[in-house]
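Worksheet: one structure, shown below.
Laboratory data are not the source of any read-out in this text; all were calculated from the coordinates shown. Source: prediction; values computed, not measured. Ideal geometry is used to build each Cβ from the backbone, glycine not excepted, and the neighbour counts take in all protein chains shown.
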Amino acid sequence: MNKILKGRVWIISDKEGKKINDIDTDMIFHNRYLAITDISKMGQYSFDNLGGWEDFAKKAVKNDILIVGENFGAGSSRQQAVDCFISLGVQAIIGESFGAIYKRNAINSGLPLIEAPNIFSSGKFASGDEIEIDLKTGIIKNLNNGNDFNAFKMSKVALDIYEAGGIMKL
């Protein structure tokens, strides 16, 4: 697997452009869709219960990257909240912090989560920018304006799981 990811970024913010903290698994993938077990059908419901982002799944394209606020994925252990992004082809999520269970589910599924405290206040990224993430170093480059941001690099264990395509493929 590629250790340098490139894609279009989505800044998940409110209408005023401020970060939304504590986006829980119910906002990511609402419980009314839990009967869906086919991962390929989950993507269409991503952020369906997050105000202002209900149409995200219709706009997202393969290899998109999300930038999210603090405690992203808080709440339940709902695996579908990870799988819906995998279904859409989202290749990574950059966040100021992640809910513990969500983080473990994403790592186990091979979805890279990049911890980047203060990325929102950095002002270095905007929705639609093309970015590059080096998973080994944690350096995020904005290919539109040349700005760099130093995030935490992925742990060796998380990187090994990502390279295998998920924990079940190790």
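Observations on the structure shown:
- Filter result (touching a helix residue (DSSP H, G or I) at 6+ places or on another chain (Cβ under 6 Å) and over 18 Å from residue 71 (Cα atoms)) within the stretch 88-107: 88
- Residue match in the stretch 78-95 (condition: surrounded by fewer than 19 Cβ atoms within 10 Å (Cβ to Cβ), under 14 Å from residue 12 (Cα atoms) and of a type outside the set (D, E, K, R)): no
- Here the stretch 39-54 is the region considered, the condition is being free of Cβ contacts under 8 Å to residues at least 40 places away in the same chain and in contact with an Asp or Glu (Cβ under 9 Å, 6 or more places away or on another chain), and the residue that is surrounded by the fewest Cβ atoms within 10 Å (Cβ to Cβ) is 51.
- Tally, over the stretch 95-107, of residues that are hydrophobic (A, V, I, L, M, F, W, C) and touching a residue at least 60 places away in the same chain (Cβ under 8 Å): 1
- A Cβ distance below 6 Å, combined with a sequence gap of six or more or placement on separate chains, defines the contacts here; from the stretch 59-73, residues that are under 14 Å from residue 94 (Cβ atoms) reach residues that are basic (Lys, Arg) in the pairs 64/8; 69/19.
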